[in-house]
1. Please pick out the residue among 65, 19, 40, 9 that is touching a strand residue (DSSP E or B) at 6+ places or on another chain (Cβ under 6 Å), assigned to a strand (DSSP E or B) and surrounded by fewer than 19 Cβ atoms within 10 Å (Cβ to Cβ).
2. I'm trying to understand the selection: among the residues of region 305-321, which are touching a helix residue (DSSP H, G or I) at 6+ places or on another chain (Cβ under 8 Å) and more than 16 Å from the ligand (Cβ to nearest atom)?
3. Tell me which residues, restricted to region 276-304, are more than 16 Å from the ligand (Cβ to nearest atom) and surrounded by fewer than 17 Cβ atoms within 10 Å (Cβ to Cβ).
4. Just a yes or no: is a residue in region 269-288 closer than 23 Å to residue 178 by Cα, in a strand (DSSP E or B), touching a strand residue (DSSP E or B) at 6+ places or on another chain (Cβ under 6 Å) and touching a residue at least 12 places away in the same chain (Cβ under 8 Å)?
5. Here is a list: 332, 348. Which entry is buried (at least 16 other Cβ atoms within 10 Å of the Cβ), under 23 Å from residue 244 (Cβ atoms), within 16 Å of the ligand (Cβ to nearest atom) and assigned by TED's automatic domain parsing to the domain that holds residue 78?
6. Between a residue in region 94-107 that is within 11 Å of residue 72 (Cα to Cα) and any residue that is part of a helix (DSSP H, G or I) and within 16 Å of the ligand (Cβ to nearest atom), which pairs come within a Cβ distance under 9 Å, given they are 6 or more apart or on different chains?
7. Report, by residue number, each residue of region 296-319 that is under 21 Å from the mean Cα position of the chain (by Cα) and in a loop (DSSP other than H, G, I, E, B).
8. How many of the residues in region 335-345 are away from the ligand (no atom under 15 Å from the Cβ) and under 12 Å from residue 114 (Cα atoms)?
Ligand code: DGY
């Protein structure tokens with residue numbers, strides 16, 4: 001059924017079969033699936049599998065799949081999974097813009113994701129990109145390695161001081177909020193955010209922090225909820241993007257909006273590449289050398305738009321937002337928990353503390369099923 005060189009089989013005597021389209025970090029996730037009685041077929045290829053390759057891996061007997069954000073999970077794959085007797089698919093990611101959840105539901109497939117274990121991790125990467133861009137770390141590293149450093153000078157690699165300035169956050173969900181707090185608390189930045197929904201918890205937090213600063217005789221910080229994206233772009237010295245990618249946010253940052261940003265502003269994207277019109281960004285960065293960008297994600301990932309890699313005022317890393325050992329192992333545990341949970345007939349977890357699934361005796365529930373209501377999966381009652 002499978003090309004054995006490209007697939008590794010675990011728990012070969014398992015009754016059902018789970019397909020995993022990439023090797024995942026850690027071992028606990030495999031134990032979860034094996035303990036539930038499933039044989040686990042793991043692709044050992046580092047290439048992105050095509051739809052055809054995944055269909056043939058699913059074959060005619062497959063109960064569930066853990067897949068990747070680089071794969072398009074739509075009609076074709078969910079129909080193949082349904083025909084093979086499948087009941088569940090988990091994305092190995094919190095974002096699931098690569099998944100047609102409606103198609104999955106029509107084919108009777110539950111869809112899982114992995115929230116809550118990459119919030120701070122991804123926010124920290126956005127912070128790392130922020131300072132790399134603001135202080136020209138990558139450019140200066142290259143310069144030093146090339147043996148060009150001939151002694152301290154008053155005017156080489158001058159960057160931007162962020163302390164006390166204004167950070168703009170577009171999309172104040174979990175990761176956007178964590179990033180905002182890191183920049184406000186760590187660097188005493190004022191916050192201007194835009195989100196469809198008011199984030200009262202974040203606003204209260206910043207207000208309490210401002211009171212604390214005042215009580216210490218320091219300059220307080222402020223938080224404003226902007227009326228629209230334009231207000232953030234015009235006001236902020238630094239803008240970080242954290243909305244979900246959908247048809248309303250594709251090319252959220254285009255040529256016209258880039259022009260509204262300050263000449264020496266910094267734009268960070270550790271969310272999804274298509275939020276930015278990358279051609280427009282290349283053009284803008286070329287013509288505005290004091291403007292800087294830090295990108296973890298790309299419009300046509302893994303490809304870069306022509307000219308991007310030649311720009312010194314852009315820092316680029318290969319989609320590493322969640323790339324810490326703890327987070328990637330935890331994501332694997334949640335993805336396996338989603339698949340095993342549904343196959344065992346467990347209810348869906350809706351509680352606050354998803355980290356409980358990383359403990360030795362996790363709740364008998366599927367940690368995060370995004371279409372649980374449409375699929376009629378009852379809520380975990382404790
Ligand atoms: C996610 O989980 O959506 C991230 O992009 C993976 O790093």
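The values are calculated or read from the model by the stated rules, or taken from the named source; none is laboratory data. Nothing here was measured: the structure is a model prediction, and the numbers come from that model. Note that each Cβ is placed from the backbone with ideal geometry, even for glycine, and that neighbours are counted across all protein chains shown.
1. Being touching a strand residue (DSSP E or B) at 6+ places or on another chain (Cβ under 6 Å), assigned to a strand (DSSP E or B) and surrounded by fewer than 19 Cβ atoms within 10 Å (Cβ to Cβ) holds for just one of 65, 19, 40, 9, which is 9.
2. 305, 306, 307, 308, 311, 312, 313, 314, 315, listed by residue number.
3. Matches in region 276-304: 279, 283, 286, 287, 289, 290, 303.
4. Yes, region 269-288 contains at least one residue that is closer than 23 Å to residue 178 by Cα, in a strand (DSSP E or B), touching a strand residue (DSSP E or B) at 6+ places or on another chain (Cβ under 6 Å) and touching a residue at least 12 places away in the same chain (Cβ under 8 Å).
5. Step by step, each of 332, 348 is checked, and only 332 is buried (at least 16 other Cβ atoms within 10 Å of the Cβ), under 23 Å from residue 244 (Cβ atoms), within 16 Å of the ligand (Cβ to nearest atom) and assigned by TED's automatic domain parsing to the domain that holds residue 78.
6. Listed by first residue and then by second, the contacts come to 97/274.
7. To start, the set of residues in region 296-319 that are under 21 Å from the mean Cα position of the chain (by Cα) comprises 296-305, 314-319.
Matches in region 296-319: 296, 297, 298, 299, 301, 302, 304, 305, 317, 318, 319.
8. Here the count works out to 3.
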